[in-house]
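Data first, discussion second: the structure below is written as structure tokens.
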Amino acid sequence: MSEPIVKISGLNKWYGEFHVLRDIDLAVQKGERIVICGPSGSGKSTLIRCINALEEFQEGEIVVDGIELGPNLKHIDAVRREVGMVFQSFNLFPHLTVLDNCTLAPIWVRNIPKKDAEETAMKFLERVKIPHQANKFPGQMSGGQQQRVAIARALTMNPKVMLFDEPTSALDPEMVKEVLDTMVDLAEEGMTMLVVTHEMGFAREVANRVVFMDAGQIIEANTPNEFFAAPQHARTKLFLSQILR
Amino acid sequence: MSDVISSSFVRRDLLAERPAPVKTTGFIGLMRTRLFNSPTNILLTILGALLLWFTIVPSVKFLMVDAVWSGKDRAACLAENAGFAVGACWPYIQAKFPQLIYGFYPEAERWRVNLTLLLAAILLLPLLIPRLPAKGLNAGLFFVAFPVVAFFLLHGGGIKGFGLSWTAGLLQLFDESIVGAGQALLTSSKTSAIGPLLWVLGSLIALLGTVIHWLIFPLTWLRDYIQGTGQSVWTDFAVTAAIVCLITFVLGGGVRTGGRALASSIATFIAIAIVIKLMDLDHGGLPVVTTNLWGGLLVTLVVSVTGIVTSLPIGIALALGRRSTIPLIRIFSIAFIEFWRGVPLITVLFFATYMLPLFLPGNFTVDGLVRALIGIALFTGAYQAENVRGGLAAIPRGQSEAAAALGLSWWKTTSLIVLPQALRHVIPNLVNSFISLFKDTSLVSIVALFDLLGSLRASFADPKWSTPSTAFTGFAFAGIIYFMFCFGMSRYSLFVEHRLNAHRRN
Ligand SMILES: Nc1ncnc2c1ncn2[C@@H]1O[C@H](COP(=O)(O)OP(=O)(O)OP(=O)(O)O)[C@@H](O)[C@H]1O
Ligand SMILES: [Mg+2]
């Protein structure tokens with residue numbers, strides 16, 4: 001087995017007195033798709049936000065593509081350049097057009113000339129199937145379109161790993177599919193993905209591994225087939241029985 | 001048509017368009033739907049009409065109908081000479097107009113004020129019209145070059161050196177104050193209980209001062225050498241230009257990409273040279289007009305424009321500081337804001353004018369107008385800080401998280417994502433503060449600066465024009481001028497708000 005692209009070992013995090021992540025160990029291989037699920041408040045968001053240093057942590061170590069992110073959060077910038085993130089609430093920049101949203105980081109972080117950045121951005125907007133709306137403002141688009149722009153925006157930085165934090169849970173049902181389709185496309189191109197989601201259909205179709213978390217710990221991790229067909233832990237069974245009615 | 005309600009319906013003939021039964025358009029429509037459509041509205045309409053009647057009619061009567069339009073002195077504006085109850089006495093404004101605009105600025109030099117105002121208008125108008133190009137250059141000219149040129153135009157005087165001399169001078173001042181502090185510590189160590197400690201500290205500081213002295217020695221030596229040559233300004237200019245161009249060239253990326261930076265810095269220096277030559281700054285420049293001669297609208301504009309332009313950056317810095325995670329910066333910002341918000345502007349001006357000189361070292365004087373300017377800038381800055389903070393608080397945390405996740409640094413996140421949105425939210429509040437600053441400039445008259453209102457009140461004392469309506473006329477005139485500026489700002493801010501918030505309309 002080659003060196004994992006994301007390696008989390010002995011990760012512990014507290015919010016004040018509250019122990020929100022407990023001894024998390026997780027290794028993600030290049031090209032692997034991992035779905036993280038679990039009840040609300042189990043620490044899923046906190047975990048993936050630690051990977052690109054949006055949250056600090058007190059113990060343990062995260063290594064992304066050979067760059068080490070310790071509790072003192074050195075190398076934040078280097079890690080963030082390798083990791084793209086898509087949020088539940090899109091977080092597009094409302095005062096910039098779709099195109100400017102997608103060129104901002106390449107221009108200001110990677111110092112790419114504006115023209116080249118715009119070309120790349122259009123390429124990614126085409127991939128998420130919204131090239132015609134490049135000059136609209138985010139507020140003029142539907143939720144599904146906004147989320148696809150958010151995906152394109154993250155991709156313009158050529159990340160090696162993509163993090164998704166419940167990308168579809170703020171969307172109306174008919175828009176969920178268009179975003180999931182985009183993510184499936186991305187998976188088929190071989191992107192390494194860590195996805196927090198409750199879309200079990202997506203997990204079955206795309207994931208290499210499903211990780212179940214509860215109370216800040218990883219309770220069970222398995223291939224989707226095994227995970228859904230034969231959950232081992234009592235909490236997993238309970239969770240699945242509630243979610244797959 | 002049958003009476004039976006059937007569940008299926010198909011329209012056979014399309015209905016023709018008909019005019020509305022009661023008139024809802026035009027003036028009649030307006031009266032019917034907006035002014036007289038309910039008892040409350042009828043009452044309000046009548047009250048409104050009465051209010052207009054009792055304000056507009058007397059004003060028009062005073063300002064136009066009963067006004068005297070020409071005359072040489074007070075005689076023209078007296079009721080017994082005019083033959084009617086005199087309203088506004090416009091010849092008085094005409095006679096005092098120069099004083100109201102320029103104060104005591106010498107008559108022969110007033111073209112300099114006009115030129116400055118013209119320059120300001122030429123640079124400001126294109127800046128305010130969004131469609132016009134080259135905003136960066138335009139802003140640079142208005143915010144950096146114009147203040148310098150305006151200073152030499154309005155105040156006059158020339159320069160004896162350039163960048164090199166100034167840098168050397170500043171460093172020398174800094175060094176001297178360090179040595180001074182060391183010496184002071186050494187003296188007090190003789191009498192103090194913790195003498196040895198103070199002695200060590202004093203010697204260390206004095207040593208530091210000496211080291212700095214030798215470090216900057218090449219610079220001061222070069223300065224003195226240049227001052228010795230006949231052409232000190234131009235030699236200094238050439239040396240400074242060469243050094244700065246070299247630095248921008250290297251910082252711009254050297255041979256590969258530094259060409260642009262080099263070209264623009266050379267262009268800048270050529271422009272500076274032209275200005276120096278045109279204004280004869282190397283030979284003493286224009287005759288000096290000290291600020292105590294400035295007055296009228298000139299002072300009002302100088303104070304308010306400087307206040308507006310400097311208070312916003314101060315406010316932004318303080319607002320960001322107040323939200324900083326670094327305790328020292330946060331505490332400083334909070335203390336600063338609360339202090340300035342807690343004292344009245346009059347106190348600030350009074351303190352800046354009469355008390356500050358007592359605290360500053362003897363040989364260090366600051367011009368009275370500049371002191372008032374600094375006081376007003378800091379005072380308004382504190383208010384702007386709170387306005388900006390309101391805007392910052394309205395930006396969801398997700399925005400800066402998204403920017404951070406893309407790899408943007410704190411500075412870039414703040415300047416590209418957070419501030420642009422925050423400032424858009426608070427344009428009305430910012431302009432509100434600008435408007436109140438504009439009117440508050442009239443308070444500088446209590447510290448012996450004659451702004452528009454101060455000059456006006458000074459002119460009341462002239463017996464040649466003392467008539468019953470002089471004061472009313474003067475205040476009406478000042479009111480009209482203040483209103484024009486404030487109303488202009490207000491309308492412009494609405495325009496900007498509308499334009500910048502395009503993204504919030506669907
Ligand atoms: N800033 C914070 N301060 C204190 N506690 C927090 C903070 N953020 C989250 N928590 C707590 O940490 C726990 C884990 O939160 P997290 O957002 O990671 O849960 P989650 O698994 O993503 O839940 P959800 O499915 O609702 O998004 C929750 O109990 C939450 O209340
Ligand atoms: Mg969550």
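The values are calculated or read from the model by the stated rules, or taken from the named source; none is laboratory data. On a predicted model such as this, the values are computed, not experimentally measured, just so you know. All Cβ positions, even for glycine, are placed from backbone atoms using ideal geometry, and neighbour counts span all protein chains on display. With ligands, DNA and RNA removed, areas are computed over all heavy atoms of the protein, side chains included. Shrake-Rupley method; radii C 1.70, N 1.55, O 1.52, S 1.80 Å.
A few points about this structure:
- The range A:184-235-the range B:147-218 distance, computed between alpha-carbon centres (Å): 67
- Estimated vicinal HN-Hα couplings, Hz - the range B:170-181 in sequence order (Karplus 6.51, -1.76, 1.60; Gly, Pro = x): 4, 4, 5, 4, 4, 4, 4, 5, 5, 4, x, 4
- The range B:163-283 shape via C-alpha gyration tensor axes, a/c threshold 1.5: prolate
- Taking the accessible area of the range B:14-65, probe 1.4 Å, and keeping the other protein chains in place, the carbon and sulfur fraction comes to 75%.
- Shown for the range B:371-415: residues covered by the partner protein chains by 30 Å² or more of accessible area relative to the chain by itself (probe radius 1.4 Å), namely B:Q399, B:E401, B:A402, B:A404, B:A405, B:L406, B:G407, B:L408, B:K412.
- Looking at chain B, the accessible area is 59 square angstrom per residue; that uses a 1.4 Å probe and ignores ligands, DNA and RNA.
- Amide H partners (placed H, <5 Å) of B:D451, local residues excluded: B:G296, B:S445
- Sequence-distant aspartates and glutamates (8 or more away, or on other chains) whose Cα lies within less than 14 Å of A:K115: A:D100
- Sequence-distant residues sharing a close amide H with B:L286 (under 5 Å, placed H): B:G157
- Backbone geometry of the range B:442-451 corresponds, through the Karplus equation with coefficients 6.51, -1.76 and 1.60 at θ = phi - 60°, to 3J(HN,Hα) couplings of 5, 5, 5, 5, 6, 10, 6, 10, 9, 7 Hz, x marking Gly and Pro.
- With Cα atoms defining each centre, the range B:293-309 and the range B:409-467 are spaced 9 Å apart in the structure.
- When the Gaussian network model of chain A links Cα atoms closer than 10 Å, the mean-square fluctuations of A:K160, A:K115, A:K123 top out at A:K115.
- Chain A, accessible surface, carbon-and-sulfur percent (1.4 angstrom probe): 48
- Taking every DSSP helix (H) stretch of at least 4 residues in chain B, weighting each as -39,500 (n - 2.57) and dividing the sum by the residue count yields a mean residue ellipticity at 222 nm of -21500 deg cm²/dmol.
- Residue-level accessible surface for B:T414, protein heavy atoms, 1.4 Å, Å²: 10
- Entries of B:K96/B:K135; A:K129/A:K237; A:K13/B:K412; A:K160/A:K237; B:K135/B:K160; A:K74/A:K237 with Cα pairs more than 31 Å apart: B:K96/B:K135; A:K129/A:K237; A:K160/A:K237; B:K135/B:K160; A:K74/A:K237
- Sequentially through the range A:48-65, phi angles give Karplus couplings (6.51, -1.76, 1.60; θ = phi - 60°) of 6, 6, 5, 5, 10, 6, 6, 10, 8, 9, 9, 9, x, 8, 10, 10, 10, 6 Hz, Gly and Pro residues having no value and appearing as x.
- Each of B:L35, B:L50 has its accessible area taken with a 1.4 Å probe; listed largest first, they run B:L50, B:L35.
- Chain B and chain A together bury an accessible surface of about 1900 square angstrom, both sides counted, with a 1.4 Å probe and no ligands or nucleic acids included.
- Three-way shape label, the range B:310-453, alpha-carbon gyration tensor, a/c 1.5: prolate
- Here's how it looks for A:M85: its modeled amide H is under 5 Å from those of A:L163, which are all 5 or more places away or on a different chain.
- For the range B:163-283, with all protein chains in place and a probe radius of 1.4 Å, 77% of the accessible heavy-atom surface sits on carbon or sulfur.
- Shielded by partner chains, the range A:77-107 residues - at least 40 Å² of accessible area, 1.4 Å probe, vs chain alone: A:R80, A:N91, A:F93, A:P94, A:H95, A:L104
- Cα gyration tensor shape of the protein assembly as shown, rounded if a/c is under 1.5, else prolate or oblate by comparing a/b with b/c: oblate
- Dipole-positive endmost among B:N429, B:F485, B:I178 within chain B (Cβ charges, Cα centre): B:N429
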